[in-house]
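K.L.:
Can you read through this structure? Questions will come right after.
Where a number appears in this text, it was derived from the coordinates with a stated rule and is not lab data. None of the values given here were measured: they were computed from a predicted structure. Here the Cβ positions follow ideal geometry from the backbone for every residue, glycine too, while neighbour counts run over all protein chains shown.
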Amino acid sequence: MSNWRFHGAERLAVANDRGFTLIETLVTMALTAMIAGVLWQAMQQITRIERMLQGSGVNGQLNLVRREWLRDLIQAALVEQIGVPRRFIGDARHLSLASSETLAMPGLGGGPLHIHFETDAATRRHRLMVEVKSSAAMASSEKSETLELLAWAGKEGRLRYLGADGVWIDQWPNPNPNFVPTGDPDADFRLEAQAALPRLPRAVWLDMGQELGGSLVVQVSTTQAGRGRLAQWEQQ
């Protein structure tokens, strides 16, 4: 009995001294490689998601700033004058205006702005472009600079204008101003003359993609402050 125990213990000691076999080592290495591969893929996925979130956060903040700057540009449109060519002219895809906001932009000096929508035929992405023409460029043959302000996928961009009667239209100035005769020649003359006066729309509606926050409705300022900005623009 004691001899059996002695030989069993001896064999166990020999096995312990021998260590892992080649097959056991290969199996261990294979399992380690599989676990490492799974963990590496998981880490890559996490890193990719973090980058996407960081990028979307930065882009979202930039788009918000650009939207607000666009709002300021349109809101500060200079009032129209009698006997002077109109500056605020627009349709569903284009809008030209003069804005007092350009007075604060170096090198522009109150130059006119042209806002329009473009669509990339290859990517089907829509872009809102702002063309800025400085006073110096107006006096020379210099080409104006066009900037991409916003870009999105999906719904095509569109502009609409709110008239004094509370109706949204696709073109400004209104090609068909509402004038309802009253039967009184003097009153009709005054109403017709008033309808023919150059005016700004009450608001501008820019329909853009949901990834940019959706539509942007801008109330156009025609208050005394706007007249003051016009005087400052004329002086410069």
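K.L.:
Could I have the simple spin-label model distance between Asp165 and Ala92, label points 7 Å from Cα toward Cβ, reported in nm to one decimal?
P.N.:
Each label point is offset 7 Å from its Cα along the Cβ direction, giving 2.0 nm.
K.L.:
What ranking do 112-121, 93-102 get when scored by the average of other Cβ atoms within 10 Å per residue, highest first?
P.N.:
93-102, 112-121
K.L.:
Packing-wise, with mean Cβ within 10 Å as the measure, how do 34-41, 158-165 rank, highest first?
P.N.:
So the peptides 34-41, 158-165, ranked by packing, come out 158-165, 34-41.
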